[in-house]
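Here the structure is laid out as structure tokens; the discussion comes afterwards.
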Amino acid sequence: MNHTIRLIASARRRARGRLEIFVRPMMIPASSQLANVLGSLTEILLVGDKGGTLPSPPRRRGEPTGVAVISDVLESRAP
């Protein structure tokens, strides 16, 4: 299938300002930058209407957990 499974945290603004937030396993194409993040490395990929796609360098963390993923997302938010 040329995909891999990664735990993805996502937050996006929907219609009428509603915020949709989730953390779940997702099928990621093998050609995606996120497919090459292995083990306990984490990476943040910010996608915006005006800024395009902005990746962070992969960082090593402790044991991977959903809490760590959310922590990374919150840590990367612009002030």
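We did not get these values from a lab; they are worked out from the coordinates using the rules stated. Remember, it's a predicted structure, so these values are computed and weren't measured experimentally. For neighbour counting, all protein chains shown are included, and Cβ atoms are generated from backbone atoms with ideal geometry for every residue, glycine included.
Just to verify a number: FRET efficiency for MET27 and LYS50, C-beta to C-beta distance, R0 = 30 Å, to 0.05?
The calculated FRET efficiency here is 0.60.
Skipping prolines and chain starts, which residues have an amide H placed within reach, meaning under 5 Å, of the one on ILE8, given they are 5 or more residues away or on another chain?
ARG24, MET26
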